[in-house]
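Following: one structure in structure tokens, then a few remarks.
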Amino acid sequence: MESLNRMATELVDEAIDFADELAVDVYSLDGDSAVIDCGVRVPGSIEAGLLLAEIQTAGLATVGTHMRDVAGAPIPHVELSTDHPALALLCSSKAGWELSVDEFEGLGSGPARALVAQEDVFERVGYHENFDFAVLVVESDQLPDEAVASHVAELSEVPESGVFMPTYASASVTGSVVGAARAAELAAYRLMELGYDPVDILSVTGSAPVAPVADSEERAMAATNDAVAYGGQAHLVVEEPFDNFEDVVSIADDEYGAPFFEIFESVDWAFDELPMELFAPAQVTVNVVGGETEVYGSVSDSVLAESFGL
């Protein structure tokens, strides 16, 4: 298989070539790093969000939308499916790179993480790569500057001219779409955190509703987490049986039942104080090859209705 960053770079080129159609803006920094504004100074778009979800998974996932009811209201849902979950979801899409450079704060996802490979997941999967380009999708209400590009280039061991940073705010159309696309990723990550070998996860499909665009980053982060924790569904095909499949779903945590805005406020927005069990899809079907197929958890239209203001 080709480098994750190589495959993602081809998709970034597509975003740059079709910037007008995607309603995004492209900027070149002093060191020739490219920043693509997908929802910071621009509102963002459904198509930009879908393409970003593909970029995050380095093109190893199929992403699309469909309409379903949430508490009687027709709401678009994002569906993402991959047959390479360890690479696409855990080594690429996972939002595992905390960016804190001078005054800039953001969260990075995408295949540039595999160039650094300092997170535990890369040891678990046994993956690391070297490449001339680094693609890091950045979630922030600020656009990355030269200092951020230099930081990413240094850690990724690529020239600054090889750094590509598509960026979006949580409170944007793009942010709501990308948030909904994380149901599959969170199911795979939660299963790995429970001790399951990520290489034995053969395929994952996830779906979640697209949250209404909020009026602040805080409310947007809360609503997009609600979308997955209370409306997200995932289907996993796995190689080996496991005793704790029922703990993959968000209902496994004691905090389940309250909208995330209330949960975040209860810890004064100190995310590291929250139990990771909350960050999971609401309902999961697990198919063990040659074995049982079980369903765990359930969606909660009532919490989604409260969160979405329906």
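None of the figures in this text is laboratory data; all of them are computed from the coordinates on show. Quantities reported herein were computed from a predicted structural model and do not represent experimental measurements. Note: ideal-geometry Cβ built from the backbone for every residue, glycine included; neighbour counts use all protein chains shown.
Worth pointing out:
- Between the beta carbons of Asp25 and Glu154, assuming R0 = 25 Å, the FRET efficiency works out to 0.45 to the nearest 0.05.
- The residue among Val288, Ser93, Ala181 whose Cα reaches farthest toward the positive pole of the charge dipole of the range 4-308, with charges on the beta-carbon of Lys, Arg, Asp and Glu, is Val288.
- Extended-chain gain in nm, criterion 0.36 nm per residue less alpha-carbon gap, Phe18 and Val199: 61.6 nm
- Placing pseudo-labels 7 Å out from each Cα toward the beta carbon at Val267 and Arg68 gives an inter-label distance of 2.7 nm.
- Once the Cα atoms are used to define both axes, helix 4-17 deviates from the longest principal axis of the chain by about 70 degrees.
- Spacing of the modelled spin labels on Ala305 and Glu123, each 7 Å from Cα toward Cβ, amounts to 4.8 nm.
- Packing, as the average of other Cβ atoms within 10 Å across residues, places the peptides 100-111, 139-150 in the order 139-150, 100-111, highest first.
- Fewest-first ranking of Met165, Met67, Met192, using other Cβ atoms within 10 Å as the exposure measure: Met67, Met192, Met165
- Rounded to the nearest 20, the size of the Cβ-charge dipole of the chain about its Cα centre is 800 debye, with Lys and Arg at +1 and Asp and Glu at -1.
- Put simply, when 28-37, 265-274 are sorted by average Cβ atoms within 10 angstrom per residue, most first, you get 28-37, 265-274.
- Phi angles across the range 170-176 convert, under the Karplus curve 6.51 cos²θ - 1.76 cosθ + 1.60 with θ = phi - 60°, into 3J(HN,Hα) values of 4, 8, 8, 4, 4, x, 5 Hz, Gly and Pro given as x.
- Most fluctuating residue given options Thr62, Thr293, Thr205, as computed from a GNM of the chain linking Cα atoms under 10 Å: Thr293
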